[in-house]
Amino acid sequence: MKPLLISTFVLATLGQMSGQDQSAEAQKSAEAAPAAGGRCCTVLPIGEIKNPVFLKQDIDKKEAELFIIATFDKSNYGMNFNGLSKGEGGYEIPLGWKVKVTFCNNSDVPHSLMVVEADVAERKINLGDEPYFDGATTPKPNTIGTTNKIEKFEFIPDEVGDFSLACGFPTHSANGHRIFLKIKEGLKAAAFVKPDEKKEEAN
Ligand SMILES: [Cu+2]
């Protein structure tokens, strides 16, 4: 019985390896990603590489500037934005503000960024190429993705609700490559919220 068991195990292992070429590749690339803020440091304000700024805002002008980096670190196999994934953490933006996004992909794996409804981001395998708000996406988010390129876009959310800043590359968002975008009425300022700061920001 023993040799049979061994060969079955080997076959199973081999099958698994060939079937997972892509994710192994993704993982390898994620592991090869530079330290936080590394290759994408040019999208961050000068001097802020060690303590990166993910949000700047002008309350009088009602403008928020978001700096969002795909594969910021190794978490969630690199499928993270600014080190956050699975909708745990993200941005809160007051209704009607202008949102300016600077996006950079810090890995060789294609990633993109688009705004969709939170429940869609969580479930849908292919998010399509139409963002929820006009203009709220990198170019062709579900086909090209972007690799080592800085993309800028802006939009004005005109509806309150729970949205996601999600990676449009097929399967990524459902696998956690998304952070939240909450559009709120009566909010005085925009916020970048990490999971452990949730309570602090809730006011
Ligand atoms: Cu992605």
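The values are calculated or read from the model by the stated rules, or taken from the named source; none is laboratory data. Since we're looking at a predicted model, the values are computed, not measured. Note: ideal-geometry Cβ built from the backbone for every residue, glycine included; neighbour counts use all protein chains shown.
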Taking the stretch 139-168 and keeping residues at pLDDT below 95, of a type outside the set (Gly, Ala, Ser) and outside any strand (DSSP E or B) leaves 139, 140, 141, 142, 143, 144, 147, 148, 149
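Which residues, taken from the stretch 107-126, are over 29 Å from residue 188 (Cβ atoms) and within 11 Å of the ligand (Cβ to nearest atom)?
Selection gives 107, 109, 110, 111, 112.
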Among residues of the stretch 151-171 being in contact with a strand residue (DSSP E or B) (Cβ under 7 Å, 6 or more places away or on another chain) and within 16 Å of the ligand (Cβ to nearest atom), the residue farthest from residue 111 (Cα to Cα) is 164
